[in-house]
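A.B. asks: Let me begin by handing over the structure; questions about it come next.
The values are calculated or read from the model by the stated rules, or taken from the named source; none is laboratory data. A quick note: this is a predicted structure, and the numbers were derived from the prediction, not measured. Cβ coordinates were reconstructed from backbone atoms using ideal geometry, including for glycine residues, and neighbour counts include every protein chain displayed. All accessible areas refer to the heavy atoms of the entire protein, side chains included, with ligands and DNA or RNA removed. Shrake-Rupley method; radii C 1.70, N 1.55, O 1.52, S 1.80 Å.
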Amino acid sequence: MTLRFDRRQFLLGSSALVAAGAAGVMPAWAQAANLRLTFWGGQARADRTYGVTDLYEAANPGTTIEGEFLAWNDYWPKLATQTAGGNAPDVIQMDYRYIVEYAKRNAIAPLDEFVGGALKLDGFDQDQLEGGKVDGKLYGISLGANSVAALVNTAAFEEAGVEVPTNAWTYDDLMTLGEAFNSANIRGGMKVIADGSYSEPMLDNWLRQRGKALYTADGKLGFDEADAVEWYTLWNKLRDAGVCVTAENQAIDTGAVETTMLVMGKAAIMPSNSNQLVGYQAIMQDKLGMIGYPRIAAGVGGGHYRKPSMFFSVAGASANKEGAAAFLSYFVNDPEAAKLLGVERGIPCIAATRDVVAPTLDEQNQLALNFVANLGDLLGPLPPPPPASAGEIDASLIRTLGQEVGFGAKTPEQAGPELISGANAILSRS
Amino acid sequence: MTVHSTIATPIEQAQRPSVWSRIWQNDAPGYLFLLPWFIGFFGLTIGPMITSFYLSFTNFDLLQAPQWVGASNYVRMFTADPKFSASMRVTLFFVIFSVPLKLAFALAVAMLLNRGIKGLPMYRALFYLPSLLGASVAIAILWRQIFAGDGLVNKLLALFGIIGPSWISNPNYSLWTLIILSIWQFGSPMIIFLAGLRQIPQDMYEAASLDGASKWRQFVKITLPLLTPVVFFNAIIQTIEAFKSFTPAFIISGGTGNPINSTLFYTLYLYQEAFGFFRMGYASALAWVLLALVGLFTAFSFLTSKYWVHYDD
């Protein structure tokens with residue numbers, strides 16, 4: 001039986017264990033086989049995950065896995081609080097953004113000693129394995145790969161009589177597409193694309209194509225004022241030409257899915273991630289497709305990368321690291337588990353698992369899998385994990401300055417240097 | 001005293017109890033009933049407050065033990081933090097506009113209701129309703145819908161051929177939508193005004209009308225002066241509420257304080273620092289500055305009150 005937020009059962013269980021322990025008759029497995037698992041996500045992810053924990057418990061009698069899931073925004077404060085209190089769950093879903101911070105503070109444990117033993121990683125994609133390493137030690141097992149991707153409302157394109165672009169498209173094509181869209185004037189002036197000027201992944205993608213990066217391996221800024229000014233100027237041009245949505249419309253997007261330009265029907269293309277196609281399609285009537293982010297010029301690639309969409313890590317304070325590692329091993333290797341999980345967390349990182357999963361997928365999931373598997377020359381190397389304050393730079397600078405330029409409160413020449421100096425100040429603070 | 005009590009028989013003790021035993025016998029049940037509140041007050045209010053005061057001098061980030069950094073959190077706030085001053089401006093703007101407008105509106109409605117209309121209890125309850133709903137998430141979401149680009153307000157304006165902006169996502173208007181939301185919750189000051197108006201003796205108005213004073217003159221010379229204690233009370237309560245305002249801005253801006261930080265309330269910035277960037281030390285310092293600020297405002301109000309508040313004893 002899986003224990004899920006059932007307080008009474010949990011209390012009963014734990015007090016029984018305490019009593020057994022006090023009497024000195026605690027069976028060896030009682031301490032060893034109870035695992036706590038925490039992850040962020042929605043109900044769909046929870047159903048799939050609990051399906052796997054049920055399978056695991058059935059295959060390993062005596063083992064219980066107590067799961068808990070939260071929304072992204074609530075997840076990190078709670079995990080930090082639990083870690084501070086010394087009662088973090090054994091298995092922790094971890095993000096690329098936080099893994100360095102947690103690893104450096106020993107809040108999560110290195111798993112190298114279990115590899116080959118409890119933790120079988122044969123055939124695991126090397127780049128995904130590398131993504132879970134901090135200072136050469138393995139702290140996270142990637143649960144799937146994804147990539148940034150532009151989601152396309154294909155129905156809107158059909159209505160406008162414009163052909164859906166392919167992975168070969170460029171920012172210049174975007175201009176032409178926008179003009180075609182505007183002359184077709186569908187759905188009360190739908191624009192061809194959302195305003196990406198303050199989308200951190202889109203800026204990152206554009207910089208990578210120019211041979212730069214948001215952050216360097218030693219946690220410094222990887223671009224300069226001239227890059228930033230050019231970026232803002234590019235988007236001003238797109239905005240003035242009516243290719244992207246107005247600043248006022250873009251500001252409606254507060255991050256919740258239902259406030260995005262794609263769902264609101266204000267734009268036909270929106271920068272997003274490959275694993276989010278399914279989520280968006282679930283709440284939209286129009287059929288969605290997926291292409292890469294635009295290229296800075298024809299034939300220039302290297303902006304995309306296969307990112308570990310999320311990891312499972314084991315808490316540094318876990319009393320049962322080996323048991324946790326065994327569960328991780330099952331989670332990424334077992335064919336039945338793989339079928340339940342699908343590509344909801346990203347494309348599986350083991351080729352054999354991918355082969356098991358592929359035939360079970362519906363059309364949309366196939367699309368996401370094929371997109372990530374066939375990035376071709378769009379694919380570049382995996383960047384180093386971002387510095388700890390990257391989230392703050394995104395929220396306090398990239399977003400705010402982008403809006404200020406969009407509303408005309410600042411020129412690109414003002415905002416560019418402010419982005420650089422502000423980001424350097426935040427980086428040097430932490 | 002002590003000698004007496006040590007040799008006192010139980011009967012004497014009952015006749016001449018010490019101070020402590022008298023308190024115990026008379027007040028014990030009272031303290032017993034207060035106990036749950038005391039536990040809450042010391043455990044959930046005073047304790048955390050002392051902790052937060054200590055943390056405000058540290059760099060606590062939840063993951064590592066707090067380290068003492070002296071007053072540097074406070075120094076940083078006033079010398080090197082543009083978001084601190086931005087959020088302070090937004091909050092002060094909100095307080096300065098929302099409180100007087102809300103009070104004026106509440107007084108106007110209270111005076112309308114005070115004319116002895118039929119069904120007063122019903123109207124009173126109806127107008128009070130928004131105050132009860134005010135800080136809730138549902139209302140903030142409703143507000144988002146009403147003031148969105150294709151929301152109710154713009155649909156109404158469209159009837160007159162006006163194309164309105166998207167009020168909530170335009171930095172020029174977004175804060176005003178929150179001020180209007182606050183004014184709409186005029187119910188609780190209105191109820192208090194209504195009670196205050198009832199206290200004013202009717203014969204004063206009769207005498208004034210006999211002397212030929214206009215309605216406006218009666219309002220300025222009789223109603224307002226006699227109502228000043230109630231105005232004072234409402235102003236203090238509403239100012240504190242306005243400083244503390246958090247939920248509407250959090251929901252309407254999705255926790256970002258955008259567009260362009262135009263709805264970045266001080267409390268919202270505090271929340272971001274604490275739970276967005278895990279700077280518990282800095283956030284604690286922000287909280288104490290807010291407490292000091294509200295305290296200053298309240299003290300200032302009390303000090304000036306003797307010049308304009310008339311207590312009719």
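For (1) touching a Lys or Arg at 6+ places or on another chain (Cβ under 7 Å); (2) open to solvent by less than 10 Å² (accessible area, probe 1.4 Å), each residue gets a yes or a no:
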site	(1), (2)
A:I99	no, yes
A:G116	no, no
A:K137	no, no
A:S147	yes, yes
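A.B. asks: Still on this structure, please answer the following. Which condition number in (1) in the same structural domain as B:M280 (by TED's automatic domain parsing); (2) touching a helix residue (DSSP H, G or I) at 6+ places or on another chain (Cβ under 9 Å) is the one that B:F38 fails?
C.D. replies: It is condition (1) that B:F38 fails.
A.B. asks: How do the helices (runs of 4 or more DSSP H) wholly within region A:328-430 filter down when requiring 1 or more residues that are aromatic (F, W, Y) and more than 23 Å from A:K120 (Cβ to Cβ): which remain?
C.D. replies: Details: elements: A:335-341, A:351-357, A:363-373, A:390-393, A:399-406, A:412-429.
Helices (runs of 4 or more DSSP H) meeting the threshold: A:363-373.
A.B. asks: Take B:I237 and tell me if it is open to solvent by less than 60 Å² (accessible area, probe 1.4 Å) and in a helix (DSSP H, G or I).
C.D. replies: Values: open to solvent by less than 60 Å² (accessible area, probe 1.4 Å): no; in a helix (DSSP H, G or I): yes.
So B:I237 fails the test.
A.B. asks: Here is a further query. How about region B:236-286: which of its residues are within 15 Å of the chain's Cα centre (by Cα), at pLDDT 90 or above and either of a type in the set (A, V, I, L, M, F, W, C) or under 14 Å from B:M77 (Cβ atoms) (or both)?
C.D. replies: Of everything in region B:236-286, those that are within 15 Å of the chain's Cα centre (by Cα), at pLDDT 90 or above and either of a type in the set (A, V, I, L, M, F, W, C) or under 14 Å from B:M77 (Cβ atoms) (or both) turn out to be B:I236, B:I237, B:I240, B:A242, B:F243, B:F265, B:Y266.
A.B. asks: Is it the case, given these coordinates, that A:A425 is within 14 Å of chain B (Cβ to nearest Cβ) and farther than 26 Å from A:L35 by Cβ?
C.D. replies: Numbers: within 14 Å of chain B (Cβ to nearest Cβ): yes; farther than 26 Å from A:L35 by Cβ: yes.
Judged against the criteria, A:A425 is a match.
A.B. asks: Tell me which of these B:V231 doesn't satisfy, since it passes every other one: (1) more than 14 Å from chain A (Cβ to nearest Cβ); (2) among the β-branched types (V, I, T); (3) more than 16 Å from the chain's Cα centre (by Cα).
C.D. replies: Result: B:V231 fails condition (3) only.
A.B. asks: On to the next question. For residues that are within 14 Å of chain A (Cβ to nearest Cβ), farther than 15 Å from B:S169 by Cβ and in contact with a Ser or Thr (Cβ under 7 Å, 6 or more places away or on another chain), tally how many sit in region B:242-256.
C.D. replies: Residues meeting the conditions: 0.
A.B. asks: Testing A:P387 on (1) in contact with a Leu (Cβ under 8 Å, 6 or more places away or on another chain); (2) of a type outside the set (V, I, T); (3) surrounded by fewer than 19 Cβ atoms within 10 Å (Cβ to Cβ); (4) closer than 30 Å to B:M77 by Cα, one condition comes back false. Which one is that?
C.D. replies: If we test A:P387 against (1) in contact with a Leu (Cβ under 8 Å, 6 or more places away or on another chain); (2) of a type outside the set (V, I, T); (3) surrounded by fewer than 19 Cβ atoms within 10 Å (Cβ to Cβ); (4) closer than 30 Å to B:M77 by Cα, just (3) comes out false.
A.B. asks: Which of the residues spanning region A:40-70 are among the aliphatic types (A, V, I, L, M), touching a residue at least 60 places away in the same chain (Cβ under 8 Å) and open to solvent by 40 Å² or more (accessible area, probe 1.4 Å)? Break it down stepwise before answering.
C.D. replies: Looking only at region A:40-70, we keep the residues that are among the aliphatic types (A, V, I, L, M), and these are A:44, A:46, A:52, A:55, A:58-59, A:65, A:70.
The next check asks that each one be touching a residue at least 60 places away in the same chain (Cβ under 8 Å); those that pass are A:44, A:52, A:55, A:59, A:65.
Scanning region A:40-70 gives A:A44, A:L55, A:A59.
Here is a yes/no grid of residues against (1) outside the structural domain of A:L70 (by TED's automatic domain parsing); (2) at pLDDT below 90:
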| site | (1), (2) |
| --- | --- |
| A:M94 | no, no |
| A:P110 | no, no |
| A:F114 | no, no |
| A:Q126 | no, yes |
| A:E158 | yes, no |
| A:D173 | yes, no |
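A.B. asks: Here are the criteria: (1) surrounded by fewer than 22 Cβ atoms within 10 Å (Cβ to Cβ); (2) in contact with a Ser or Thr (Cβ under 7 Å, 6 or more places away or on another chain); (3) within 14 Å of another protein chain (Cβ to nearest Cβ). Tell me which single one B:P259 does not satisfy.
C.D. replies: All conditions pass for B:P259, except number (1).
A.B. asks: With respect to B:L129, determine if the residue is assigned to a helix (DSSP H, G or I) and either under 19 Å from the mean Cα position of the chain (by Cα) or within 14 Å of chain A (Cβ to nearest Cβ) (or both).
C.D. replies: yes
A.B. asks: Okay, moving on. Given the criteria open to solvent by 10 Å² or more (accessible area, probe 1.4 Å), closer than 30 Å to A:A80 by Cα and more than 16 Å from the chain's Cα centre (by Cα), does A:A298 qualify? Break it down stepwise before answering.
C.D. replies: Working: open to solvent by 10 Å² or more (accessible area, probe 1.4 Å): yes; closer than 30 Å to A:A80 by Cα: no; more than 16 Å from the chain's Cα centre (by Cα): yes.
Spelling it out, it is not the case that A:A298 is open to solvent by 10 Å² or more (accessible area, probe 1.4 Å), closer than 30 Å to A:A80 by Cα and more than 16 Å from the chain's Cα centre (by Cα).
A.B. asks: When you scan region A:71-91, how many residues do you find that are open to solvent by 40 Å² or more (accessible area, probe 1.4 Å) and of a type in the set (F, W, Y)? Spell out how you get there, then give the answer.
C.D. replies: Of all residues in region A:71-91, those open to solvent by 40 Å² or more (accessible area, probe 1.4 Å) come to A:71-74, A:78, A:81, A:84-87.
Within this subset, residues satisfying the condition of being of a type in the set (F, W, Y) are A:72.
Number of matching residues: 1.
A.B. asks: Right, here's the next one. Scan A:L367, A:L397 and give me the residue that is open to solvent by 20 Å² or more (accessible area, probe 1.4 Å), within 14 Å of chain B (Cβ to nearest Cβ) and of a type in the set (A, V, I, L, M, F, W, C).
C.D. replies: On the way: A:L367 fails: within 14 Å of chain B (Cβ to nearest Cβ).
From the options A:L367, A:L397, the qualifying one is A:L397.
A.B. asks: Is there any pair linking a residue in region B:201-223 that is within 13 Å of B:M111 (Cβ to Cβ) to one that is of a type in the set (A, V, I, L, M) and open to solvent by less than 60 Å² (accessible area, probe 1.4 Å), with Cβ under 6 Å and at least six apart or on different chains, and which?
C.D. replies: B:Q218/B:A208
A.B. asks: OK, next. A:P417 passes all but one of (1) crowded, with 21+ Cβ neighbours inside 10 Å; (2) closer than 17 Å to A:V229 by Cβ; (3) of a type outside the set (S, T, N, Q); (4) touching a residue at least 12 places away in the same chain (Cβ under 8 Å); which number fails?
C.D. replies: Among (1) crowded, with 21+ Cβ neighbours inside 10 Å; (2) closer than 17 Å to A:V229 by Cβ; (3) of a type outside the set (S, T, N, Q); (4) touching a residue at least 12 places away in the same chain (Cβ under 8 Å), A:P417 violates only (1).
A.B. asks: Can you pull out the helices (runs of 4 or more DSSP H) entirely within region A:164-273 that have at least 1 residues that are of a type in the set (F, W, Y) and farther than 20 Å from A:I291 by Cβ? If you could, list the steps in order and put the result at the bottom.
C.D. replies: On the way: elements: A:171-184, A:200-209, A:225-240, A:247-250, A:261-264.
So the answer is A:225-240.
A.B. asks: If you don't mind, another one. Being buried (at least 18 other Cβ atoms within 10 Å of the Cβ) and of a type outside the set (V, I, T) is the requirement here; does B:A110 meet it?
C.D. replies: Numbers: buried (at least 18 other Cβ atoms within 10 Å of the Cβ): yes; of a type outside the set (V, I, T): yes.
Against the criterion (buried (at least 18 other Cβ atoms within 10 Å of the Cβ) and of a type outside the set (V, I, T)), B:A110 qualifies.
A.B. asks: Follow-up. So, A:L121, is that one surrounded by fewer than 23 Cβ atoms within 10 Å (Cβ to Cβ), hydrophobic (A, V, I, L, M, F, W, C) and part of a helix (DSSP H, G or I) or not?
C.D. replies: Numbers: surrounded by fewer than 23 Cβ atoms within 10 Å (Cβ to Cβ): yes; hydrophobic (A, V, I, L, M, F, W, C): yes; part of a helix (DSSP H, G or I): no.
In short, no.
Let's see how each residue does on (1) part of a loop (DSSP other than H, G, I, E, B); (2) over 23 Å from the mean Cα position of the chain (by Cα); (3) of a type in the set (K, R):
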position: A:P61; (1), (2), (3): yes, yes, no
position: A:Y75; (1), (2), (3): no, no, no
position: A:R97; (1), (2), (3): yes, no, yes
position: A:Y102; (1), (2), (3): no, no, no
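A.B. asks: Can you say whether B:F147 is of a type outside the set (D, E) and open to solvent by 70 Å² or more (accessible area, probe 1.4 Å), as far as the supplied structure shows? Don't jump to the end; show me each part of the working.
C.D. replies: Details: of a type outside the set (D, E): yes; open to solvent by 70 Å² or more (accessible area, probe 1.4 Å): no.
Judged against the criteria, B:F147 is not a match.
A.B. asks: Taking B:F277, is it within 12 Å of chain A (Cβ to nearest Cβ) and aromatic (F, W, Y)?
C.D. replies: On the way: within 12 Å of chain A (Cβ to nearest Cβ): yes; aromatic (F, W, Y): yes.
Yes, satisfied.
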